[in-house]
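Q: Sharing a structure below in structure tokens format, with a few things to ask.
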Amino acid sequence: MQLTVRFSYVEPIIPPRCRNPRRVRFHDGVEVVTIRELELSAAPVAIISTKADSSDSASIEYRWFEGMLWTSCSVYGCTRQAHTSGGKDFDYPIPGSELSLITDSVTMSDHQLGVFVSVSEGKEAIGQYLQDWAQGLIFIDGKLYRPAGEPRYVVMTFGLSNNHGGTAVLCTDHSNPNIKEVSYFSLHQLEQAQQYAGRIASARGDTTSFSGDPGFCFQVLIPEAVQIENKTHHQVAA
């Protein structure tokens, strides 16, 4: 599918009878990008995630393509995110034949489609950005997909210990640099995550404020799609 993107940009221009360039805004930028269209077999389902005990019981299918996971909806904390507050519009919107990013602002953005670029980058750089951006979009069976973070388990603590706050095994789809790497576990390592959380809870005195239930069930259909591994705890458990 070809998509024509119209955009604004700023370039330094030397006006007539002037020596120094001035930043001038233009609204005539045009870049034609190609969004790849795939057969279902080219991007098979690798992981199915289901949230337990929730009114939103719909599963999330993570597809595997080019060594990455892709979803048809925005996912944060392994949970589908609607585009409107309280809405049910989970799937990424499908663009028409044209997309307008023309603006008088400093940045051009379309959060639903993942566009975020400064007009100050200039016409050529913005054009290249849009070509790269289009490579992060694919169509599968009429749905738009974008790359998604690999779901994983994380052991987290809250409060001041001794059942103030607590210790829990949770799910996430990204690693926080403020949390130790040893606290993250792959989908194959739920038991190790629970054992580690139990040791942390015991050391903190969280005798009642402890949960080893991450609240999600994961079905892994393509084992190689699970690339995260906590080798420290893998070795301990061996």
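Q: Report, by residue number, each residue of the range 144-172 that is more than 25 Å from S209 (Cβ to Cβ) and part of a loop (DSSP other than H, G, I, E, B). Steps first, answer last, please.
A: Taking the range 144-172 as the starting set, the residues that turn out to be more than 25 Å from S209 (Cβ to Cβ) are 144-150.
Matches in the range 144-172: G149, E150.
Q: Can you find a residue in the range 111-122 that is in a strand (DSSP E or B), without any contact (Cβ under 8 Å) to a residue 24 or more places away in the chain and under 16 Å from the mean Cα position of the chain (by Cα)?
A: yes
Q: Looking only at residues that are within 19 Å of D132 (Cβ to Cβ) and touching a Lys or Arg at 6+ places or on another chain (Cβ under 7 Å) in the range 1-43, which one is surrounded by the fewest Cβ atoms within 10 Å (Cβ to Cβ)? Break it down stepwise before answering.
A: In the first step, residues of the range 1-43 are kept if they are within 19 Å of D132 (Cβ to Cβ); the result is 1-9, 29-38.
Among the residues that remain, those that are also touching a Lys or Arg at 6+ places or on another chain (Cβ under 7 Å) are: 8-9, 29-30.
Working: S8: 19, Y9: 24, G29: 20, V30: 11.
Filtering first and then ranking leaves V30.
Q: Restricting attention to the range 59-107, which residues are of a type in the set (D, E, K, R) and without any contact (Cβ under 8 Å) to a residue 24 or more places away in the chain?
A: From the range 59-107, those of a type in the set (D, E, K, R) are 61, 63, 66, 80, 88-89, 91, 98, 104; that's our starting set.
Correct list: E61, E66, K88, D89.
Q: As an exercise: evaluate Q128 against (1) open to solvent by 60 Å² or more (accessible area, probe 1.4 Å); (2) in a loop (DSSP other than H, G, I, E, B); (3) within 14 Å of V32 (Cβ to Cβ); (4) not hydroxyl-bearing (S, T, Y) and give the number of the one condition it does not meet.
A: Failing condition for Q128: (2).
Q: Would you check if C171 is of a type outside the set (S, T, N, Q), touching a strand residue (DSSP E or B) at 6+ places or on another chain (Cβ under 9 Å) and open to solvent by 70 Å² or more (accessible area, probe 1.4 Å)? Let's see the steps before the verdict.
A: Details: of a type outside the set (S, T, N, Q): yes; touching a strand residue (DSSP E or B) at 6+ places or on another chain (Cβ under 9 Å): yes; open to solvent by 70 Å² or more (accessible area, probe 1.4 Å): no.
Against the criterion (of a type outside the set (S, T, N, Q), touching a strand residue (DSSP E or B) at 6+ places or on another chain (Cβ under 9 Å) and open to solvent by 70 Å² or more (accessible area, probe 1.4 Å)), C171 does not qualify.
Q: Same structure, new question: Restricting attention to the range 174-199, which residues are over 26 Å from the mean Cα position of the chain (by Cα) and surrounded by fewer than 19 Cβ atoms within 10 Å (Cβ to Cβ)?
A: Q195, G198, R199
Q: Considering only the range 44-107, give the strands (runs of 3 or more DSSP E) lying wholly within it that have at least 3 residues that are closer than 30 Å to Y184 by Cα and open to solvent by less than 50 Å² (accessible area, probe 1.4 Å). Reasoning before the result, please.
A: Working: elements: 45-51, 60-65, 68-71, 74-76, 79-81, 98-101.
Per the criteria, 45-51, 60-65, 68-71.
Q: If A203 satisfies all but one of (1) loosely packed, with under 12 Cβ neighbours inside 10 Å; (2) touching a residue at least 40 places away in the same chain (Cβ under 8 Å); (3) among the aliphatic types (A, V, I, L, M), what's the number of the condition it fails?
A: Tallying (1) loosely packed, with under 12 Cβ neighbours inside 10 Å; (2) touching a residue at least 40 places away in the same chain (Cβ under 8 Å); (3) among the aliphatic types (A, V, I, L, M), A203 fails exactly one: (2).
Q: OK, next. Return a yes/no flag: does the range 137-151 have any residue that is within 21 Å of L69 (Cα to Cα), open to solvent by 80 Å² or more (accessible area, probe 1.4 Å) and of a type outside the set (A, V, I, L, M).
A: Filtering the range 137-151 down to residues within 21 Å of L69 (Cα to Cα) leaves 137-151.
Then drop every residue that is not open to solvent by 80 Å² or more (accessible area, probe 1.4 Å), which leaves 141, 143.
In the following step, the residues that additionally are of a type outside the set (A, V, I, L, M) were identified as 141, 143.
Within the range 137-151 (the criterion being within 21 Å of L69 (Cα to Cα), open to solvent by 80 Å² or more (accessible area, probe 1.4 Å) and of a type outside the set (A, V, I, L, M)), the answer is yes, since at least one residue qualifies.
Q: Filter the range 180-211 down to residues that are assigned to a loop (DSSP other than H, G, I, E, B) and either over 18 Å from L160 (Cβ atoms) or of a type in the set (S, T, N, Q) (or both), then give me how many there are.
A: 8
The values are calculated or read from the model by the stated rules, or taken from the named source; none is laboratory data. Note that this is a predicted model, so its numbers are computed, not measured. Backbone-built Cβ (ideal geometry, glycine too); neighbour counts: all protein chains shown. Heads up: the accessible areas ignore ligands, DNA and RNA and are worked out on the full protein's heavy atoms, side chains in. Shrake-Rupley method; radii C 1.70, N 1.55, O 1.52, S 1.80 Å.
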